[in-house]
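Notes follow the structure.
What follows draws every value from the coordinates through simple rules; no lab data is involved. Just so it is clear, the structure is predicted and the values come from calculations on it, not from any experiment. Please note: Cβ atoms are built from the backbone with ideal geometry, for glycine as well, and neighbour counts cover all protein chains shown.
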């Protein structure tokens with residue numbers, strides 16, 4: 001097995017505002033987009049020939065992945081013009097694949113061990129895992145070590161085994177793509193016609209992000225695995241404890257206190273007297289002004305956070321400019337996404353390029369869209385649509 | 001300005017040379033050719049693209065060869081004038097980049113001596129000179145031959161049956177790539193990236209002999225060691241990564257390269273700041289050509305207005321004709337490639353006149369950085385498309401960065417400017433996220449044959465850059481004008497078939513821009529506008545492209561991105577060969 005087809009065309013509607021301008025596979029976790037974890041896991045297992053199916057906001061994938069050399073793989077792009085389903089996406093690769101190949105979702109965070117499990121068996125197999133809450137996934141019913149059927153999002157699951165969306169196939173699969181648009185439906189049809197798919201169970205990392213706040217859980221889980229490293233300039237009186245990774249060209253000004261696991265990217269200016277607490281990831285070209293405290297949050301590229309701010313359990317997307325004394329405190333609160341209500345403990349979920357004045361207070365659970373403008377001293381709450389102006 | 005390649009080693013030279021030429025095609029592509037010793041000398045050349053040459057070329061097993069991709073200077077593009085050139089016997093083959101100034105004299109003498117010259121090029125004389133001086137010492141013959149030559153050259157010479165290449169460099173770029181029992185030669189690093197990351201840059205006046213196992217370099221006939229450098233460019237960067245054209249890829253890379261440049265400058269840009277002594281304000285000359293000149297014009301505006309410095313600016317190609325070099329403390333010279341012949345010449349003149357020269361270039365170890373007293377690099381990565389985009393933006397960033405960090409700017413303004421610089425990647429991404437609107441306008445623009453771009457103040461150079469992009473990629477006749485000058489002539493050309501693109505900044509030029517637009521509108525011309533504030537505009541123009549609201553001194557970054565995208569999509573609509581426009585080459589290494 002030398003080749004993999006990665007499906008990265010999907011949007012991830014429930015992750016809005018973070019997927020308004022990028023596909024779900026490009027959501028940043030601990031300083032890297034999810035798809036980078038997938039590519040690195042494949043490269044680590046010697047699979048370097050990658051067919052990447054792109055569609056929704058594909059330029060974001062092009063701009064980041066390029067031809068893949070940087071990640072140890074060689075990428076060939078195929079565009080799925082309309083996102084009709086996983087089977088349809090795979091069908092776009094017909095004619096481009098080897099006899100045997102892996103298929104993986106580009107938007108599930110995995111590690112090299114995850115893939116090693118399925119590579120250990122012959123092709124025509126499905127990687128499965130145990131999940132406490134299986135009903136939001138495809139639930140797998142087994143007969144021995146073979147798949148009997150896959151049932152999508154059942155109200156009453158027959159087992160707690162779910163389909164990870166990671167398969168190893170032969171080209172045979174392309175002969176069954178006529179009517180069905182999703183891979184599980186294609187498999188069910190093939191099983192009925194007498195084909196056998198082996199189930200392989202994994203206990204390795206496989207993390208899904210469905211709602212905006214899932215980003216925080218994944219971030220915390222992955223940060224623990226990133227070793228500390230210091231490439232920037234660290235001024236006197238700075239305290240670094242635990243695993244802290246600091247990128248090149250970054251300056252940590254005097255008296256800042258950073259408690260790992262924390263990742264800080266390239267070209268950032270932090271402090272003086274700033275406090276970064278676990279589990280926080282800060283991307284590239286970010287400024288965190290003095291006397292600010294950030295806890296358990298994800299801060300993306302080009303963000304500016306003013307002095308004296310307090311931010312916890314929050315995700316702040318690229319290019320947001322936030323004035324001083326911004327508060328985003330976390331509390332258990334009810335949030336509505338896609339007509340569903342969720343009780344979650346979060347601070348603020350802020351889309352790309354928001355301009356926020358000084359002294360703004362965000363109530364727990366605010367989800368603000370991309371390019372919102374919020375004037376100084378406003379108190380914001382609830383869902384704020386893209387490009388809103390709060391005066 | 002041409003691309004040259006050479007290979008000697010254990011593999012088939014044919015495939016390696018073809019691949020190298022493909023990567024050098026941006027340097028010129030009106031004809032190309034390859035010579036291989038197999039062990040007889042085989043030469044294949046024509047006025048075709050490299051992909052067509054690949055089909056003509058038989059599967060020769062020879063392991064030593066040279067190749068060339070040409071951009072005509074002397075003699076029209078045809079088979080006869082394509083390189084490699086051979087001597088009378090056909091045993092010696094040469095590829096050459098540069099210009100031989102005294103080739104007419106040499107040619108006449110060679111003809112008198114009985115040599116048979118078949119092409120109209122200056123390069124062919126080299127093959128015959130080597131033939132003339134050859135007495136069982138290949139390197140010696142080339143060394144003797146170049147003593148007769150006046151001008152610039154990068155040369156690779158090969159001889160039938162010999163597994164060695166002789167090279168020479170004078171004012172034209174040449175690099176050696178080091179392999180394992182094989183060595184590579186090229187005009188530029190991208191041609192080597194598939195094979196090696198270890199390179200040697202030659203200095204002016206160097207000659208050398210390269211075999212599969214050995215590289216010997218001489219300067220003034222004495223052996224010298226040249227440093228082996230690790231390339232920082234990866235091959236990934238030299239490819240299109242999903243995009244249809246390099247141009248669009250490079251436009252889209254701009255947020256990332258600005259971010260990269262910011263983190264590099266956090267550690268490396270400091271030497272440039274000390275030049276701006278607040279007590280004795282230095283006088284400055286800016287020199288550049290092409291798009292770099294437009295970046296320099298914006299730099300002049302920024303340095304004069306924010307730093308209060310006297311800044312003179314010249315086109316490097318015109319500066320070279322000034323009888324007297326104007327007095328100045330520093331000369332800042334902008335060249336993407338670091339090999340632009342006019343700019344290099346101007347740099348040398350400045351240096352001779354005692355002016356301290358600072359190069360701003362994208363190419364490490366380029367000739368510009370060798371001449372300059374100080375080099376400030378831009379970190380745009382390799383730019384393949386002939387039209388400059390990301391390197392332009394990075395040049396702007398360098399000029400703004402210098403202003404923001406200069407001791408002449410007060411600390412508060414400096415802090416504020418740095419904060420705004422850091423926001424640029426996000427603003428550029430926002431413009432890219434809304435490019436559908438720009439595509440609509442570009443489709444419209446693509447259906448016209450004449451267009452004016454107008455701007456005032458800091459956006460006047462952006463109007464010139466917008467017009468240049470439209471000319472070079474979309475083949476639309478376009479002119480960039482200062483809005484106030486429109487009524488002094490161009491208004492006579494404006495009408496229903498000549499739309500005007502107005503760059504409306506939110507600064508003290510806005511009211512005057514609105515007046516200019518109304519003057520044009522009343523002549524029946526379609527008017528399009530780029531602005532962060534569409535108030536008062538939507539009523540008087542036909543369409544507005546709205547950009548994020550930024551401090552007006554940063555508006556050139558966003559407006560430039562818009563005019564780049566307009567040129568790209570207009571060119572695509574018109575079916576132009578976007579990355580390789582006709583008659584143009586990437587770096588202009590001839591006068």
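Summary table
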| quantity | calculated |
| --- | --- |
| Between helix B:254-268 and chain B: long-axis angle, C-alpha atoms, 0 to 90°, nearest 10 | 80 degrees |
| Stokes-Einstein translational diffusion, chain A - Kirkwood Rh over all Cα pairs, 1.567 mPa s, 4 °C, in µm²/s | 59 µm²/s |
| Residue of A:190, A:26, A:124 that the Gaussian network model of chain A assigns the largest fluctuation, springs spanning Cα pairs under 10 Å | A:190 |
| Kirkwood-based Rg to Rh ratio, region B:240-427, C-alpha trace | 0.96 |
| Convex hull volume per residue in cubic angstrom - Cα atoms of region B:1-52 | 74 Å³ |
| Pairwise label distance in nanometres, residue B:52 with residue B:439, each label 7 Å out on the Cα-Cβ vector | 3.2 nm |
| Residue B:76-residue B:507 FRET efficiency (beta carbon distance; Förster radius 41 Å; 0.05 resolution) | 0.25 |
| Euclidean distance of C-alpha centroids, region B:237-258 and region B:1-43, integer Å | 27 Å |
| Span per principal axis, largest first, for the Cα atoms of region B:3-237 (Å) | 50, 42, 31 |
| Distance cut-off 19 Å, percentage of C-alpha pairs in region B:80-202 lying past it | 47 percent |
| 0 to 90° range, to nearest 10: angle between helix B:435-445 axis and chain B longest Cα axis | 80 degrees |
| Two-site FRET efficiency, residue B:488 against residue B:539, from Cβ-Cβ distance with R₀ of 25 Å, rounded to 0.05 | 0.40 |
| Kirkwood Rh in Å, taken over region A:343-391 so that all alpha-carbon pairs contribute | 10.6 Å |
| Peptides ranked, highest mean first, by Cβ atoms within 10 Å: ranges B:51-63, B:159-171, A:71-83 | B:159-171, A:71-83, B:51-63 |
| Normalised convex hull volume, region A:2-63, alpha-carbon set, Å³ per residue | 81 Å³ |
| Solution diffusion estimate, µm²/s, Stokes-Einstein, region A:167-284, Kirkwood Rh from C-alpha pairs, 25 °C, viscosity 0.890 mPa s | 138 µm²/s |
| Peptide A:63-72, shielding by other chains (average Cβ, 10 Å cutoff) | 5 |
| In degrees, nearest ten, helix A:34-44 long axis to first principal axis of chain A (Cα) | 60 degrees |
| Where N is the number of residues in region B:434-591, Cα Rg divided by 2.2 N^0.38 Å | 0.99 |
| Surface/4 of the Cα convex hull for region A:221-390, nm² | 8.7 nm² |
| Ordering of B:197-204, A:331-338, A:289-296 by burial proxy (mean other Cβ atoms within 10 Å per residue, highest first) | A:289-296, B:197-204, A:331-338 |
| Residue mean of other protein chain beta carbons inside 10 Å, B:256-268 | 5 |
| Rounded Å value of the spacing that divides the Cα centres of region B:446-517 and region A:308-349 | 45 Å |
| Cα gyration tensor, region A:84-178 - rounded (a/c under 1.5), prolate or oblate | prolate |
| Cα-Cα separations in chain B greater than 47 Å, expressed as whole percent | 17 percent |
| Theoretical ellipticity at 222 nm over the protein assembly as shown - DSSP helices of four or more residues, -39500 (n - 2.57) apiece, nearest 500 | -8000 deg cm²/dmol |
| Protection proxy ranking, peptides B:279-292, B:477-490, B:409-422, average beta carbon neighbours within 10 Å, highest first | B:279-292, B:477-490, B:409-422 |
| Cα-projected label distance for residue A:342 with residue A:195, points at 7 Å along beta-carbon direction, nm | 3.4 nm |
| Förster radius 25 Å - calculated FRET efficiency between residue A:373 and residue B:518 (Cβ-Cβ, nearest 0.05) | 0.25 |
| Over region A:3-210 - Rg/Rh using Cα atoms and the Kirkwood inverse-distance radius | 0.93 |
| Size of the protein assembly as shown as Cα extents on the principal axes (Å, biggest first) | 98, 71, 64 |
| Pair residue A:235, residue A:76: separation of 7 Å Cα→Cβ label points (nm) | 5.3 nm |
| Computed lengthening from residue A:363 to residue A:122, 0.36 nm per intervening residue step minus Cα-Cα distance | 81.5 nm |
| Share, in percent, of DSSP beta bridges within region A:291-391 that are antiparallel, nearest 5 | 20 percent |
| Alpha-carbon centroids, region A:179-196 and region B:72-101: separation in whole Å | 64 Å |
| Per-residue mean of C-beta atoms belonging to partner chains within 10 Å, peptide B:176-189 | 0 |
| Descending semi-axes in Å of region B:387-490, equivalent ellipsoid built from Cα gyration tensor | 30, 19, 12 |
